[in-house]
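Enquirer: Have a look at this one before I ask anything.
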Amino acid sequence: MTVAELLDKFGLSYRPSGRDQFKVDTCPFCGDEKGHFFIHRETGLWDCKRCDACGNLWTLRRELERIDPVSSVTDLLAAQAPTNGIVDVSVIDRYVAQLGEDKSTVDYLLNRGLNPKTISRAKLGFSNEKGVPWLAIPYFQKGKLVNVKFRTLPPYEKTFRVLPDHPTPLYNVDALDPTKPVFVTEGEIDALTLMQQGYDNVVSVPLGAGTFLPEHFDSLVNCGKIYLVLDPDAKGIEGARKIADRLGPERCFLVKMPGVDINDFFLRFQRADFVALVEEAKPAGHPAVLSVAQVFDELQLRRQVRASQGEDDVRFPWKNVDRIIGALEPGWLVVLQATPKVGKTTLCLNMSVHLAQRSLPTFLFCLEMSPDRLLQRIVASYRRVPGGVAKLAESDYTMARAELYRLPLYFGRATAASVEPSRVMDTIRYAVKRFGIRLVIFDHLHFLCRSLEHASTEVGRVTRDFKLLFEELGIPGILVAHPRKISLQEVPGMYAARDSGEIPGDADVLISLYRRPLVSDRVRDQDYNDNEAPTFESKTLVRVTGSRFGGGGSAVLFFDGDGMRFDEAVT
């Protein structure tokens, strides 16, 4: 939805203001009717000069449409494990005093170009733990000490740690001014170096280039121009691009450092040299046309990032299934099809929890079940409760709350008004950008497409839109689909999907799930008895019916109905 379309939809009168803004007559937040509400016609960033409210297009939609589209495991478990939040300021005072007594650490900081005023203003400290020297860096938020980051000092190899169960906001977030250009660095020393050079609107990501948390997104999403000055290695370059993709590449500019980080740069060059780099910074948007050389550069960067990050791929949790499918690559559309009640949603839940436990944020958007019901199934599976959801006890929720509350697992929350393709796509975009989602699972296609007269056209169009969406967002996605009416003795084939023959062409991987029925369609006299026999056998066939990048194959899993989970077959 464009800015103009949203304003028109809710009858908000507006007119052009300058080259790239609309002036809205009435502020939706404070009700001011004198035209103090301004919104950028392209980016959707807005602010009210009267009440100081500000945000982006999605936050405006949430206010106008009264929608809350995404919930997390933490939200659903209701009670997050207690966090201290605020650290006793005497802790950092003690570290600051210890720094004053350790000349070697002070000399190290001075040799890195930091002057005594900067060291004192930042309240840098020192801690010696079992003979290992650590630099202590305090993190403040709203004027309160909320965390301390520790960094080993030479001659020890550089490692980091923070106080567990405490917030990790952007470093220097209290100084952030969204109305001015902001500089984002990869380390606190780099941020302090820039601040010492006169750049006050500087923040730093606390846990490295590859970790950009939702709260960091929230701090920067309403800023205007953003300069990303991360380290010039593969992880830094890729991290900067991912941050730009989430915040909006049209306002993020990549400052290309000449093989050194900011701190090293200012040990060799002058401020004017850095100003020149900033002036040469390029927008972070990906070019529409690339040469062979550029494609090779992109491929090399991706391989370097993968090598440096280790096992960071999106994969199915069962080794035999992973063997025939492999890592799910960015932009892939994976279609999972099976007849009803075979276990498609359970398989998706199992995979979601597996990835979240590996710290890969996952988004599950299920139209048939509410997030609360999905969470019940997750708890039953995690606790392996005999009898499944019906037998969950309060102790199961208590244990699950203690162990799962911080999982980066998110759920789409659908309402009757939001179950239409454009709203679903917008919700997925929002989740990916805010939470850094690595895999989207949508369950299911045919619940979303309900046209009676043009079913085939609608299913084909929506499937194509999912494929284009995943390519746009640079992540893989799994789309659950129902096959046409077939015999329960038949494994859904490549062209079994209901209402459309376009799915095999759009899907990069097509997976069929099959369990043999244990009950015959023909009722006999001996069938009239009380029993709790399962409808399908537990042995489950996972077949790659079609793959754009592989040869396919089959694997066998076992369905545990009580535990709400699939397990790898034992041979």
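Enquirer: Quick check: Cα centre of segment 349-399 to Cα centre of segment 259-275, how many Å?
Expert: 50
Enquirer: Below 10 angstrom from the Cβ of Pro16, what's the summed charge of the other residues (Lys, Arg +1; Asp, Glu -1)?
Expert: Spelling it out: positives minus negatives among the neighbours equals +3.
Enquirer: Hey, fewest Cβ within 10 Å first, where do Phe549, Phe435 land in order?
Expert: Lowest to highest Cβ neighbour count: Phe549, Phe435.
Enquirer: If each DSSP helix of 4+ residues adds -39,500 (n - 2.57) and the sum is divided by the residues in the chain, what number results at 222 nm, nearest 500 deg cm²/dmol?
Expert: It comes out at -10000 deg cm²/dmol, rounded to the nearest 500.
Enquirer: Neighbouring Cβ atoms within 10 Å as the yardstick, rank Ser72, Ser538, Ser291 fewest first.
Expert: Exposure proxy ranking, most exposed first: Ser291, Ser538, Ser72.
Enquirer: When you count, for each residue, the other Cβ atoms within 10 Å and take the mean per peptide, how do 337-350, 35-48 rank with the highest first?
Expert: In decreasing order of mean packing, 337-350, 35-48 become 337-350, 35-48.
Enquirer: Expressed as cubic angstrom per residue, what is the convex hull volume of the alpha carbon set of segment 203-337?
Expert: It is 170 Å³ per residue.
Enquirer: Give the Cα extents of segment 3-66 along the principal axes, in whole Å, largest first.
Expert: 30, 23, 19
Enquirer: Here is a further query. With Cβ to Cβ distances under 11 Å as the rule, what net charge do the other residues near Ala356 carry (K, R +1; D, E -1)?
Expert: +3
Enquirer: In debye, nearest 20, what is the charge dipole magnitude of the chain about its Cα centre with +1 on Lys and Arg Cβ and -1 on Asp and Glu Cβ, if you could check?
Expert: The dipole magnitude comes to about 160 debye.
Enquirer: Could you sort 171-182, 293-304, 233-244 so that the peptide with the highest average Cβ count within 10 Å comes first and the rest follow in order?
Expert: Per-residue mean Cβ counts within 10 Å order the peptides as 233-244, 171-182, 293-304.
Enquirer: Let's test the formula: R0 of 25 Å, r as the Cβ-Cβ distance of Lys144 and Arg121. What FRET efficiency results, to the nearest 0.05?
Expert: After rounding to 0.05, the efficiency reads 0.90.
Enquirer: Just want to confirm a number: the relative contact order over segment 89-283, from Cα pairs under 8 angstrom separated by 6+ residues, in percent.
Expert: 15
Enquirer: Another question, if that's okay. Among Ser359, Gln337, Val3, whose Cα projects farthest towards the positive end of the dipole of the chain, with charges put on the beta-carbon of Lys, Arg (+1) and Asp, Glu (-1)?
Expert: Ser359
Enquirer: Relative to the Cα centre, what is the charge dipole magnitude of segment 74-208, using +1 at the beta carbon of each Lys and Arg, -1 at the beta carbon of each Asp and Glu, and rounding to the nearest 20 debye?
Expert: I would put it at about 180 debye.
Enquirer: Next question. Using +1 at the C-beta of Lys and Arg and -1 at the C-beta of Asp and Glu, which of Thr105, Asn128, Thr118 has the Cα lying farthest in the positive direction of the dipole of segment 97-137?
Expert: Working it through, the farthest residue towards the positive pole turns out to be Thr118.
Enquirer: Modelling each spin label as a point 7 Å along the Cα-to-Cβ direction, I'd like the Ala97/Asp273 distance in nm, to one decimal.
Expert: Computed distance between label sites Ala97 and Asp273 equals 4.2 nm.
Enquirer: A further question on this structure: Calculate the tail of P(r) for the chain: the fraction of all Cα-Cα distances greater than 38 Å, expressed in %.
Expert: 40
Enquirer: Follow-up question, since we're still on this one. Take the alpha-carbon centre of segment 11-28, take the same for segment 443-497, and report the distance between them in whole Å.
Expert: Each part reduced to its Cα centre gives a spacing of 40 Å.
Enquirer: Over the chain, what is the relative contact order in percent, taking alpha-carbon pairs closer than 8 angstrom and at least six residues apart?
Expert: Here the relative contact order equals 12 percent.
Enquirer: Could you tell me whether segment 89-283 comes out rounded, prolate or oblate from its Cα gyration tensor? Rule is a ≥ b ≥ c as square roots of the eigenvalues, rounded for a/c under 1.5, then prolate if a/b exceeds b/c, otherwise oblate.
Expert: Cα axes put segment 89-283 in the prolate bin.
Enquirer: Using unit Cβ charges (K, R positive; D, E negative) and no other charged atoms, how large, in debye to the nearest 20, is the dipole of segment 223-347 about its Cα centre?
Expert: Roughly 540 debye for segment 223-347.
Enquirer: State the answer as a single residue: which of Cys449, Phe22, Ala272 lies farthest towards the positive end of the charge dipole of the chain, with beta carbon charges of +1 for Lys and Arg and -1 for Asp and Glu, about the Cα centre.
Expert: Ala272
Enquirer: If you don't mind, another one. If I take R0 = 22 Å and measure r between the Cβ atoms of Glu157 and Asp313 in this structure, what FRET efficiency does the formula 1/(1 + (r/R0)^6) give, to the nearest 0.05?
Expert: 0.25
Enquirer: Kindly rank 367-373, 380-386, 126-132 from highest to lowest mean number of other beta carbons found within 10 Å of each residue.
Expert: By packing density, highest mean first, the sequence is 380-386, 367-373, 126-132.
Enquirer: If you don't mind, another one. Determine the sum of side-chain charges near Gly187: Lys and Arg each +1, Asp and Glu each -1, restricted to other residues whose C-beta is under 14 angstrom from that of Gly187.
Expert: That sum, taken over residues with Cβ under 14 Å, equals -2.
Enquirer: Another question, then. What number, in percent, do you get for the relative contact order of segment 3-66 if the mean sequence gap of Cα pairs under 8 Å and at least 6 apart is divided by its residue count?
Expert: 23
Values quoted throughout were computed directly from the atomic coordinates according to the rules given, and no laboratory measurement underlies them. All values derive from a computational prediction rather than experimental measurement. For neighbour counting, all protein chains shown are included, and Cβ atoms are generated from backbone atoms with ideal geometry for every residue, glycine included.
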